[in-house]
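Presented below is the structure to which this report refers.
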Amino acid sequence: MSGTRTLAVARRILAGLRRDHRALGLVLVAPIVITLLLAWVIRGSEVASINVGLYAPNGQADQVHVGFLRAAAAEVPGGVDVTIEAATANDLDELRTWVGEGRVDVGVGLPGVQFGGAPTVTVITAGTDPATESGALAALQALVSRALGAATGVGPNTNIPTFRHETVFLSADADSLDILAPVFLGYFAYFFVFILTGISFLRERVGGTLERLLATPVTRAEIVVGYGIGFSVLATVQVILLTAFVLGRIAVPEIGPIGEWGIGLGVASAGSPLIVLALVLLLAIGAVNLGIFLSTFARSEFQIIQFIPIVIIPQGLLAGIFWPIDRLPEILAAIARVLPLTYAVDGLRGVILRGEDLAASTIQLDLAVLTAVAAVFVVLASVTIKREVA
Amino acid sequence: MDGVAPTPGTSPVVVATGLVKSFGPIRAVDGIDLALAAGRIYGLLGPNGSGKTTLIRLLIGLTRASGGEARILGTPMPSRTALGRIGYMPQSESIYPELSVGENLAFFATLQGAQSADALDRVLDLVELAERRNTPATHLSGGMRRRLSLACTLVHEPPVLFLDEPTVGVDPALRVQFWAHFRRLAAAGTTILVASHVMDEADRCDELLFVRSGKVIAQGTGASLRAQAGTTDLESAFLRFSGLDDEGRPIDGAKGPT
Ligand SMILES: Nc1ncnc2c1ncn2[C@@H]1O[C@H](COP(=O)(O)OP(=O)(O)OP(=O)(O)O)[C@@H](O)[C@H]1O
Ligand SMILES: [Mg+2]
């Protein structure tokens with residue numbers, strides 16, 4: 001293998017990318033923008049206020065009930081702002097109408113005076129937005145149990161236990177962004193490197209440059225390694241930028257009318273950025289060669305795009321990004337265990353969230369599997385680069 | 001490289017024995033024997049689909065032969081050593097559109113083991129693209145891209161050249177210059193095989209190979225082929241060897257190929 005020729009292949013990839021501003025933007029800027037958007041959505045749409053409609057039997061929900069609820073609401077942790085509106089009707093129908101019209105987020109029907117048996121609190125939601133509603137319900141549950149305790153004479157500060165949440169990793173108020181962002185480092189590298197290599201190599205095949213390459217003394221190892229180096233450089237730049245954005249936070253102090261703001265998400269990281277880079281690069285090398293391999297089966301750029309739902313999306317769903325593998329149905333869990341992305345996800349979370357290092361057996365396994373997968377894809381890719389192509 | 005012009009009578013540079021290539025039922029190359037000598041320009045002439053491109057790809061080893069063997073400079077193809085000593089200009093453009101003229105050229109030069117800035121300058125001058133060195137290939141005209149493709153083929157000054165329709169889309173003035181250059185290369189000992197279906201270019205070759213349906217139906221100098229066919233131009237000669245009259249209609253009892 002000649003280093004000169006290998007580097008020539010790598011350089012030509014980078015020279016092509018340098019001129020292709022759109023592709024560069026796609027790889028370097030899009031992941032940051034998407035992550036930022038996600039951060040905004042997740043952190044900006046936490047349930048911040050609930051509007052509760054209240055009904056109590058035997059006439060109007062009186063000031064006593066409302067008073068207790070307000071008092072309890074003030075104690076609910078998490079800064080949820082609860083407003084309470086008392087229903088005047090004599091049944092739950094008015095509440096249902098309110099919820100249906102969106103006048104209140106949740107309707108709460110308090111139990112009547114009852115002898116024996118547990119009292120039932122009726123909770124009415126619109127049912128159209130399960131995620132938000134379950135958030136609201138959780139906040140409400142705490143609220144109602146306290147209020148009930150207070151209303152029935154068991155004071156909020158007496159027998160009803162309060163919960164204090166403590167976590168081993170991260171902090172108790174970590175949100176889903178803290179869990180997702182580290183994984184995105186790997187997922188974006190995998191996705192974009194696959195797409196770009198697939199398309200570049202397809203162009204080599206269709207545009208005749210591969211034909212010309214193969215009429216030179218270049219070996220397929222030189223081509224595959226050259227491609228690997230070229231795209232790894234790109235993946236490295238991407239990972240460094242995105243890691244800095246996800247983990248770092250530069251606060252910009254208040255200047256005049258512009259309030260204080262910051263760049264970066266400031267996700268807490270416990271582990272070594274070098275292992276993060278190693279994990280992502282191994283994944284990217286696999287993706288490069290997968291792209292080369294699959295480009296054999298495509299006749300146009302559009303057909304490369306058609307691989308996305310096959311190669312990219314299922315991995316995104318199964319690799320543990322959104323749902324832990326252990327909780328997947330058995331068949332899906334088995335599939336997930338053979339997906340390279342699964343190991344990258346596990347490794348990235350291990351390093352970033354749990355601060356694991358090379359001594360951790362899980363990280364060793366992740367690195368080993370990713371190396372093995374990359375090796376398999378390298379072989380597959382090489383097989384498709386033939387002098388004797390039909 | 002091998003600058004010394006081999007004396008006539010030395011062993012042929014490119015040899016094919018019984019080359020066959022089938023694509024399913026189609027026999028694109030149907031038993032071709034060749035021996036190309038150093039320092040000569042060979043014209044490969046035939047209609048669309050007659051197997052010219054396939055023959056060249058077989059000779060270089062870009063496609064696996066269904067039968068027979070190709071040797072270049074004595075080595076069976078594909079051989080990486082031999083590939084370092086050939087230049088191949090594919091029929092399609094085969095350059096990187098996003099790279100500049102200079103980058104394309106430097107890339108292929110490096111792969112071929114030629115890196116002297118001198119070689120790049122010379123070949124850029126030849127194809128008259130020196131001023132376009134930094135232009136991305138996409139911004140070139142069609143003919144300029146063909147010229148760049150030729151430059152990428154010639155940059156390492158190989159002793160054996162395979163040119164698949166090198167002058168398509170190239171303007172007449174430059175076409176004349178190209179042929180003058182090919183002639184100079186041949187005089188210096190380069191073996192050149194040029195595929196074409198432009199018959200007026202054929203007369204610039206030392207020897208012609210008429211191919212039809214994957215077979216060589218006639219071979220010789222332009223003059224001898226015209227004489228054999230009893231025609232005044234090569235076009236008619238080709239038709240005659242194919243058993244057709246000047247309008248392309250089959251002739252009864254046609255002159256068979258020799
Ligand atoms: N990869 C392939 N798969 C199937 N058939 C092929 C393939 N390549 C060439 N052929 C067939 O082989 C025959 C010869 O093709 P070839 O490209 O060699 O012709 P040609 O003489 O170069 O034609 P042209 O003057 O149009 O360039 C044609 O019938 C073509 O359809
Ligand atoms: Mg052809």
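The values are calculated or read from the model by the stated rules, or taken from the named source; none is laboratory data. Here the structure is a predicted model, which is why all the values come from computation and not from measurement. Because the Cβ atoms are built from the backbone with ideal geometry, glycine has one as well, and the counts that use them run over all protein chains shown.
From the set of residues in the stretch B:112-132 that are under 16 Å from A:Arg5 (Cβ atoms) and either over 22 Å from the mean Cα position of the chain (by Cα) or of a type in the set (A, V, I, L, M, F, W, C) (or both), which is farthest from the other protein chains (Cβ to nearest Cβ)? Reasoning before the result, please.
Taking the stretch B:112-132 and keeping what is under 16 Å from A:Arg5 (Cβ atoms), we get B:112-115.
From what is left, the residues that are either over 22 Å from the mean Cα position of the chain (by Cα) or of a type in the set (A, V, I, L, M, F, W, C) (or both) are B:114-115.
Details: B:Ala114: 11, B:Gln115: 8 Å.
Here the answer is B:Ala114.
Within the stretch A:258-274, does at least one residue satisfy the condition of being within 20 Å of A:Val9 (Cα to Cα) and either touching a His at 6+ places or on another chain (Cβ under 7 Å) or surrounded by fewer than 21 Cβ atoms within 10 Å (Cβ to Cβ) (or both)? No - not one qualifying residue is present in the stretch A:258-274.
May I ask you to list the residues in the stretch B:92-106 that are part of a helix (DSSP H, G or I) and touching a residue at least 24 places away in the same chain (Cβ under 8 Å)?
Of the stretch B:92-106, the ones part of a helix (DSSP H, G or I) are B:101-106.
The answer is B:Val101, B:Gly102, B:Asn104, B:Leu105.
The residues of the stretch A:168-185 that are among the aromatic types (Phe, Trp, Tyr) and modelled with pLDDT of 75 or more amount to a single one, A:Phe184.
Looking across the stretch B:155-173 at every residue that is among the aliphatic types (A, V, I, L, M) and touching a Gly at 6+ places or on another chain (Cβ under 6 Å), the one that is surrounded by the fewest Cβ atoms within 10 Å (Cβ to Cβ) is identified as B:Val170. Checking A:Ala374, A:Ala344, A:Ala319 one by one, the residue that is surrounded by 17 or more Cβ atoms within 10 Å (Cβ to Cβ), modelled with pLDDT under 85 and within 18 Å of A:Ala284 (Cα to Cα) is A:Ala319 and no other. Taking the numbered list (1) within 10 Å of chain A (Cβ to nearest Cβ); (2) of a type outside the set (Val, Ile, Thr); (3) more than 19 Å from B:Leu209 (Cα to Cα) in turn, B:Arg57 passes all entries but (3).
Suppose we filter A:Arg354, A:Arg349, A:Arg387 for residues that are among the basic types (Lys, Arg) and modelled with pLDDT of 85 or more; which single one remains?
Numbers: A:Arg354 fails: modelled with pLDDT of 85 or more; A:Arg387 fails: modelled with pLDDT of 85 or more.
Going through A:Arg354, A:Arg349, A:Arg387 in turn, the sole match is A:Arg349.
Residues are listed down the side, and each one gets a yes or a no for (1) within 16 Å of ligand 2 (Cβ to nearest atom); (2) over 19 Å from B:Gln91 (Cα atoms):
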| position | (1), (2) |
| --- | --- |
| B:Gly169 | yes, no |
| B:Trp179 | no, no |
| B:Ala188 | no, yes |
| B:His197 | yes, no |
| B:Val211 | yes, no |
| B:Ile217 | no, yes |
| B:Ser224 | no, yes |
| B:Leu234 | no, yes |
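Figure legend. Inter-residue proximity from the stretch B:154-181: first residues touching a residue at least 24 places away in the same chain (Cβ under 8 Å) and within 21 Å of B:Thr54 (Cβ to Cβ), second residues more than 14 Å from ligand 2 (Cβ to nearest atom) and of a type in the set (Asp, Glu), beta-carbon distance below 9 Å, spacing 6+ or different chains. Indicated pairs: B:Thr167/B:Glu201. Scanning the stretch B:128-152 for residues that are of a type in the set (A, V, I, L, M, F, W, C) and buried (at least 20 other Cβ atoms within 10 Å of the Cβ), which turns out nearest to B:Pro90 (Cα to Cα)? Applying the filter and picking the extreme gives B:Leu150.
Being modelled with pLDDT under 90, within 16 Å of ligand 1 (Cβ to nearest atom), within 13 Å of another protein chain (Cβ to nearest Cβ) and touching a helix residue (DSSP H, G or I) at 6+ places or on another chain (Cβ under 8 Å) is a condition met by no residue of the stretch B:6-16. The numbered conditions (1) buried (at least 19 other Cβ atoms within 10 Å of the Cβ); (2) near ligand 1 (Cβ under 8 Å from one of its atoms) are all true for B:Gly39 except (2).
Test of understanding: among A:Val246, A:Val193, A:Val237, which residue is surrounded by fewer than 23 Cβ atoms within 10 Å (Cβ to Cβ), in contact with a helix residue (DSSP H, G or I) (Cβ under 7 Å, 6 or more places away or on another chain) and more than 13 Å from chain B (Cβ to nearest Cβ)?
Working: A:Val246 fails: surrounded by fewer than 23 Cβ atoms within 10 Å (Cβ to Cβ); A:Val193 fails: surrounded by fewer than 23 Cβ atoms within 10 Å (Cβ to Cβ).
Selected residue: A:Val237, the only one of A:Val246, A:Val193, A:Val237 that is surrounded by fewer than 23 Cβ atoms within 10 Å (Cβ to Cβ), in contact with a helix residue (DSSP H, G or I) (Cβ under 7 Å, 6 or more places away or on another chain) and more than 13 Å from chain B (Cβ to nearest Cβ).
Scan the stretch B:128-137 and tell me whether some residue there is out of contact with any strand residue (DSSP E or B) (no Cβ under 8 Å at 6 or more places or on another chain) and free of Cβ contacts under 8 Å to residues at least 24 places away in the same chain. Yes. Here is the figure for the stretch B:78-111: residues that are of a type in the set (S, T, N, Q) and more than 7 Å from every other protein chain (Cβ to nearest Cβ) total 5.
With respect to the conditions (1) more than 16 Å from ligand 2 (Cβ to nearest atom); (2) within 14 Å of another protein chain (Cβ to nearest Cβ), B:Thr63 lacks only one, and its number is (1).
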